[in-house]
Each structure stands twice: as C-alpha cells, then as structure tokens.
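This report concerns only the one structure given below.
The values are calculated or read from the model by the stated rules, or taken from the named source; none is laboratory data. Fair warning: this is a prediction, and the values are worked out from it, not measured in the lab. Don't worry about glycine lacking a Cβ; one is built from the backbone with ideal geometry, like all the others, and counts go over all protein chains shown.
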Amino acid sequence: MPADDTRKYTVSSLSYRYCLDVGEAERLIARFGSGQRELDRLLGARARSPRHRRREMSTPDDVAAFGLR
C-alpha cells in the first residue's frame, strides 16, 4: 500500500467520501491538488469528517432547523 502522500483522490471518490457536490470536489482538487493527505487535513479543519457529513445529511429538516440534538 502506498504512503498517504502518494495516494490521490478522484473527483468522484472525494465527493463520495465527504458527501460533497461534484462541483465542490472539482474546485477543491483544482485548488489544492488531489493528494489524500492534504485534502483530508483541509476537510478535517472544516470540521467535515466523512462520518459527520453523513450524519448531518441524514438529519430530518424539522430537527436541523433548530440545531442538532
């Protein structure tokens, strides 16, 4: 298995992993490169871990309107 700094995201893999729109994934890769280590750090700093995003996306609107429980 390659080291983290040589692993690359594709637009579709980044979009899937972080539940991003394809356009947002394209923008991030164009701006910061496709290196997995750099993008994981960047998205971690945005407080958008893969687990957090999936949980956030599955929150019903009536609960999310006033904050998460």
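Which number in (1) modelled with pLDDT under 60; (2) in contact with a Lys or Arg (Cβ under 9 Å, 6 or more places away or on another chain); (3) outside any loop (DSSP other than H, G, I, E, B) marks the one condition that M1 misses?
(3)
Which residue pairs have Cβ atoms under 7 Å apart, sit 6 or more places apart or on different chains, and have a first residue in the stretch 28-43 that is farther than 14 Å from V11 by Cα and touching a residue at least 24 places away in the same chain (Cβ under 8 Å) and a second that is in a helix (DSSP H, G or I) and of a type in the set (D, E, K, R)?
R37/D4; R37/D5
Among the candidates R17, R51, R41, R55, single out the residue that is in a helix (DSSP H, G or I), modelled with pLDDT of 85 or more and surrounded by fewer than 14 Cβ atoms within 10 Å (Cβ to Cβ).
Selected residue: R41, the only one of R17, R51, R41, R55 that is in a helix (DSSP H, G or I), modelled with pLDDT of 85 or more and surrounded by fewer than 14 Cβ atoms within 10 Å (Cβ to Cβ).
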